[in-house]
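Bear in mind these aren't lab numbers, they're just calculated from the coordinates by the rules spelled out. As the structure is a prediction and not an experimental result, all values here were calculated from the model. Virtual Cβ from ideal backbone geometry, glycine too; neighbours counted across all protein chains shown.
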Amino acid sequence: MTAPAPTGAEPGTDGGATGPVAPGDAQPATFRFQLSRPYARWRRRLDASDDKIVADLRGALDDLGIDRPIPEAVDNALRYHNRHTGWWFLVRNVVATLWVWLWGAWLLAMLTMVVRTLVTKGPRKADVASSKIMNLFNETEPFVFWLASISFALMTLVMLGSLSVVFPMMLGIPKLVTGSPIAHRNLRLRGDHAPVQVYLPVRQIAEVIKLCAEAATAEGEQKIYKSGDIPGQSSSALKSLRRAYYMRGTVPLRPMRWGHLRDHAHKVVGRMHEVERDLYRDADPALIKLADMWLTIAERYADGRVGALLDEDLSEVGPARSWARDRIRDALAVLLTVGTVFFTASLDLPQAIEGYVISGSAVGVLLLVYGSGSIVNMRRR
């Protein structure tokens, strides 16, 4: 009987089995593999942290009895925000702060030098400059003199205009460093990168939903306290919701569109305030409804639908207003009205038209401070 011929296969490779390997034949790990091990460990920790945030939100929805899947956009937003809010974001904020300090110190030093020069040498230099201008006017042709003067004035205006653009850009660089949504939208620094602030409202909304779940599962006095604390603890999310059109970073700088989106956001905040008032009457249904509305808002915001944050008809909802902003506008309206009255009285106009001028000025102040919508609101009342 003839013995089978050798197959030439390596020992330990036949049939997929692995044969014994001598200690001296073991291949050492490459240097690149050794470097990738800490990175892989860090990635695993990030993935675990991302999964925990999404799992906590899922658990909160289950505690509230909301049988809705977490939208994919919300899931991605939570993971992205969690992944980019570590030490690197802190470093970028520190760099931005140092940048502001350096430019502030430089501008202060330049302003101090200019003021000191004007105080000590200003009058003498002004007399020398005026005498030189008069000599130049007497010794040159009028056409040449005025041409040189206009050219110098234009150059001065261009220089001042350049400074008025450059300095704000210098001070605005920290916004670019920290990832301002609107700067990202208009400058298109990186098309595949969204700043951390873009998804900050989604994270804040997730925290509010967790608070609703804690209040729903609490008992006795704790339920009352936790339910009553939700309006105060959701203030950060509501503040971000007021500026949803800005925070998302997808809306260009167009005032008309911004006004429409701002009014919609304020109405959504007003609607959320109405639901929060129900927490003091019947907490359980209000908590479920509040969490469900917050989840809808998070989904719409993550999808970039900042003009349709809720499906409800908000035409009858009163928009939420900022107390501090309203008081500032009221004070500005009073100051402008008083100033207009005194200015009109100083003109010595005939009494027949003075009243009409004052009334027209008051209407102009009203339109200037409160906008054209104020006239419509007054007519409705």
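Packing order of peptides 230-239, 197-206, highest average first: 197-206, 230-239 (average count of other Cβ atoms within 10 Å over each peptide's residues). Peptides 270-279, 334-343 ranked from most to least packed by the mean count of surrounding Cβ atoms within 10 Å: 270-279, 334-343. For the residue pairs K226/K289; K52/K210; K52/K239; K52/K226, the C-alpha atoms sit more than 21 angstrom apart in K52/K239; K52/K226. Spin-label model, L335 to D303: label points 7 Å out along the Cα-to-beta-carbon direction sit 4.5 nm apart. Listed by Cβ neighbour count within 10 Å, with the fewest neighbours leading, T140, T344 appear as T140, T344. With a simple spin-label model that places each label point 7 Å from the Cα along the Cα-to-Cβ direction, the separation between W99 and A362 comes to 4.9 nm. For region 196-302, what value does the Rg/Rh ratio take when both radii are computed over Cα atoms and Rh is the Kirkwood radius, given to two decimals? Here Rg/Rh amounts to 1.02.
Suppose the chain between E274 and A55 were pulled fully straight at 0.36 nm per residue; how much longer would it get relative to their current alpha carbon spacing? Computed gain between E274 and A55 is 75.9 nm. A simple spin-label model places pseudo-atoms 7 Å from Cα toward Cβ; at R243 and D263 they are separated by 2.2 nm.
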